[in-house]
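> Input: one structure, supplied below.
The values are calculated or read from the model by the stated rules, or taken from the named source; none is laboratory data. All of these numbers come straight from a predicted model, not from anything done at the bench. So basically every Cβ, Gly included, is an ideal-geometry build from the backbone, and we count neighbours across all protein chains shown. In case anyone asks, the SASA skips ligands and DNA or RNA and just uses the protein heavy atoms, side chains included. Shrake-Rupley method; radii C 1.70, N 1.55, O 1.52, S 1.80 Å.
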Amino acid sequence: MMALSELNDDIVRSMYVGAVFSDFGGKINSLDFHRTADLLVTASDDDAVRLYDIASAKLLKTTYHKKHGADRICFTHHPSSVICSSKHNLDAHGECLRYLSMYDNRCLRYFKGHKERVVSLCMSPVNDGFMSGSLDHSVRMWDLRVNACQGILHLRGRPTVAYDQQGLVFAVAMEGGAIKLFDSRSYDKGPFDTFLVGGDTAEVCDIKFSNDGKSMLLTTTNNHVYLLDAYNGEKRSGFSMDSSPNATIEATFTPDGQYVLSGSGDGNIHAWNISNEPNKVACMDSYIGVPSCLKWAPRRAMFAAAASSVLTFWIPNDAKTAPET
């Protein structure tokens with residue numbers, strides 16, 4: 001598999017489906033890449049967590065979690081450990097989050113606190129802290145080493161959370177396009193900045209920082225994607241995707257921060273070069289319907305897209321990008 005070198009418009013345009021996985025027994029709810037290992041993990045409605053080797057495009061392991069289900073998922077720093085949010089029995093047990101070992105299929109720790117489904121989950125890039133946002137209108141801070149919640153923010157609406165790549169700042173986005181930025185070390189003092197993305201009252205379903213920390217991507221439930229300046233909240237661009245009444249979409253940065261890709265209700269994956277004025281460079285048929293999960297691998301020229309119960313790995317078509325002789 002091609003390592004991540006300099007991406008260019010031709011490479012992005014050449015991306016095609018290199019592997020398809022259709023053995024899911026239910027909708028794929030979320031996926032995540034490990035930061036340093038060539039691994040991807042998925043959580044799906046068949047109560048399964050699946051671990052893939054992205055270099056060889058192989059399924060390594062499937063574990064089942066019938067009691068709690070599998071909804072949001074993210075890797076910890078260890079390549080065989082993940083955090084997974086529960087979909088079942090939230091009222092009965094309150095075990096909203098689990099720290100799982102994929103190596104021996106053990107639950108290493110339960111985290112209790114949220115009263116409703118977790119809809120956003122992210123791991124700190126620098127320590128054992130992680131955050132969760134729930135439909136109970138709260139964001140909770142946790143530490144992998146401790147059962148107890150470390151901190152809580154009460155908010156309005158559905159909250160979405162993300163750390164910047166240095167782990168120094170985290171963002172919480174809410175309905176009405178409000179984004180609050182917090183210092184990770186002193187979040188109890190409240191946000192140090194608040195941005196408003198005007199004119200969009202839809203709930204936010206995803207927020208991401210670019211690797212260089214200069215930009216943010218905000219995706220709403222009505223399929224609007226906003227590219228924002230992470231320093232002052234200025235809206236650099238907005239992309240209106242076709243609506244998808246039964247599915248939310250996801251947008252992603254490439255690791256160099258030069259491109260944005262997004263799913264759309266039209267079943268395509270759209271790509272823009274954002275290095276200067278955003279310029280659309282590709283519109284690719286996803287072949288799987290509306291991509292509700294979309295992420296670019298941290299260290300590879302590949303991305304993963306999932307729609308309903310099908311997962312696809314996309315890689316460059318070398319024949320299309322080879323220089324003419």
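> Given the alpha-carbon gyration tensor of segment 241-294, what are the semi-axes of its equivalent ellipsoid in whole angstrom, ordered largest first, with each equal to the square root of 5 times an eigenvalue?
20, 10, 9
> Looking at the chain as a GNM with Cα springs under 10 Å, which of Ala297, Ala173, Ala202 has the largest mean-square fluctuation?
Taking springs between Cα atoms under 10 Å, the residue moving most is Ala202.
> As a test of the formula, what do you get for the chain when each DSSP H run with n ≥ 4 contributes -39,500 (n - 2.57) and the sum is divided by the residue count, at 222 nm and rounded to the nearest 500 deg cm²/dmol?
-1000 deg cm²/dmol
> Now, a different point. With a sphere of radius 13 Å drawn around the Cβ of Ser132, what net charge do the other residues whose Cβ falls strictly inside it have (Lys, Arg +1; Asp, Glu -1)?
Neighbour charge sum, excluding Ser132 itself: +2.
> Give me the lysines in straight-line cross-link reach of Lys208: C-alpha distance below 16 Å, same-chain residues under 8 apart excluded.
Partners within reach: Lys180, Lys235, Lys295.
> Now a separate question. So which residue, out of Ser262, Ser215, Ser184, gets the largest mean-square fluctuation from a GNM of the chain using Cα contacts under 10 Å as springs?
Ser184
> I've got another one for you. What's the magnitude of the charge dipole for the chain around its Cα centre, counting Lys and Arg as +1 and Asp and Glu as -1 at the beta-carbon? Answer in Debye, nearest 20.
It works out to roughly 960 debye.
> Along the principal axes of its C-alpha atoms, what lengths does segment 133-255 span, in descending order and rounded to whole Å?
Largest first, segment 133-255 extends 43, 31, 25 Å along its Cα principal axes.
> Also, I was wondering about something else. In angstroms, what radius of gyration and Dmax does segment 190-280 have, counting Cα atoms only?
Final numbers for Rg and Dmax: 12.7, 40 Å.
> Where Rh denotes the Kirkwood radius from the mean inverse Cα pair distance, what is Rg over Rh for segment 39-125?
0.96
> Would you mind telling me the share, in percent, of accessible area of segment 121-174 contributed by carbon and sulfur at probe 1.4 angstrom?
49 percent
> Something else about it: What's the center-to-center distance, using Cα atoms, between segment 286-301 and segment 111-185 in Å?
Using only Cα atoms to place each centre, the spacing works out to 24 Å.
> Within a Cβ distance under 15 Å of Phe182, other residues only, what is the Lys/Arg minus Asp/Glu net charge?
Net charge in that neighbourhood comes out at 0.
> Give me the percent of accessible area attributable to carbon and sulfur for segment 225-296, probe 1.4 angstrom.
Looking at segment 225-296 in its full context, I get 40 percent from C and S.
> Additional query: Over segment 232-325, what lengths in whole Å, largest first, do the semi-axes of the equivalent ellipsoid take, defined as the square roots of 5 times the eigenvalues of the alpha-carbon gyration tensor?
21, 19, 12
> Given a 1.4 angstrom probe, what's the average accessible area per residue across segment 141-248, in square angstrom?
On a per-residue basis, 45 Å².
> Under a point-charge model restricted to the Cβ atoms of Lys and Arg (+1) and Asp and Glu (-1), what is the dipole moment magnitude of segment 189-325 relative to its Cα centre, in debye to the nearest 20?
320 debye
> From the list (1) 18.6, 66; (2) 29.9, 123; (3) 27.1, 82, can you say which value of Rg and Dmax of the Cα atoms in Å was derived from the structure given?
Of the listed options (1) 18.6, 66; (2) 29.9, 123; (3) 27.1, 82, (1) comes from this structure.
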